[in-house]
Amino acid sequence: MARYMEAKCRLCRREGEKLYLKGGKYYSDKCPIERRPYAPGMHGQNRRTKVSDYGLQLREKQKVKRTYGLQEKQFRRYFSDADRMPGITGLNLLQLLESRLDNVIYRMGLASSRTEARQIVRHKLVKMNDHITNIPSALVPVGARLELVDGAKEHLRINASVEAAGTRGTAEWMDVDLPSRQGVFRELPARDQLDPGIREQLIVELYSK
């Protein structure tokens, strides 16, 4: 499977905002986008400011795709699934992305980034409804109980993530018990609980052409 192997901070700089791809670094003064708030590359500071409608739609799609760590083929498949579901396509898309196992582990505060959450899942450190699940893209059903296996509950990086989550808080649509490293995916998030900076309608317009 294809993976992005270059510096993740370049992605944030290209989109012009923090995508929180590297955990705690984005909450410190070491965040590159704070020091260099312009696109990467030799022409990054000289990019034209006027963007077409298509350009806005494309950038929004790229931003969301990169935030959740997906490749184009995966992202398009999620959109196709969202488009076939009843309801609002844009919200359906965001809820599908939020239901991914790696994202749920991240939202529970057990990992500092979605990349780290994906690694935790692949290493068979997560149980969903008492069964070990090592597929990061697995969709978590509403009401599912998730927890770390016993051997992972005191990992140093997980402890650091839990400590940070205790300060910053966890997702409103989950019931999380940080000390025991477990929680319940209580409900799908409402739109007002998700990032207001995401303009999912632009993604719908892009793929509907």
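Evaluating 6.51 cos²θ - 1.76 cosθ + 1.60 at θ = phi - 60° for every residue in region 109-123, the Karplus couplings come out as x, 8, 8, 7, 7, 5, 5, 5, 4, 4, 5, 4, 5, 5, 7 Hz, glycine and proline recorded as x. Measuring between alpha carbons in the structure, the pairs from Lys63/Lys127; Lys61/Lys153; Lys50/Lys73; Lys61/Lys127; Lys73/Lys153; Lys65/Lys124 lying more than 27 angstrom apart are Lys63/Lys127; Lys61/Lys153; Lys50/Lys73; Lys61/Lys127; Lys73/Lys153. Within 10 Å of each candidate Cβ there may be at most 10 other Cβ atoms; applying that plus a DSSP loop requirement, which GluC sites (Glu not before Pro) in region 103-209 survive? Loop-located and lightly packed - Glu154. Backbone phi angles across region 77-94, fed through the Karplus curve with coefficients 6.51, -1.76 and 1.60 (θ = phi - 60°), yield HN-Hα couplings of 5, 4, 5, 4, 5, 5, 5, 7, 7, x, x, 7, 4, x, 5, 4, 4, 5 Hz in residue order; Gly and Pro are listed as x. Label sites at Glu154 and Asp195, each approximated as a point 7 angstrom past Cα along Cα to Cβ, lie 3.6 nm apart.
Per the Kirkwood formula on distinct C-alpha pairs, the Rh of region 100-185 is how many angstrom? With all distinct Cα pairs of region 100-185 included, I get 12.2 Å. Between Leu56 and Arg168, the modelled labels are 2.9 nm apart [label points 7 Å from Cα along Cα→Cβ]. Between Leu188 and any residue 5 or more places off or on another chain, the built amide H atoms are never under 5 Å apart.
Each reported figure results from applying straightforward, stated rules to the coordinates on display, with no laboratory input. Just so it is clear, the structure is predicted and the values come from calculations on it, not from any experiment. Don't worry about glycine lacking a Cβ; one is built from the backbone with ideal geometry, like all the others, and counts go over all protein chains shown.
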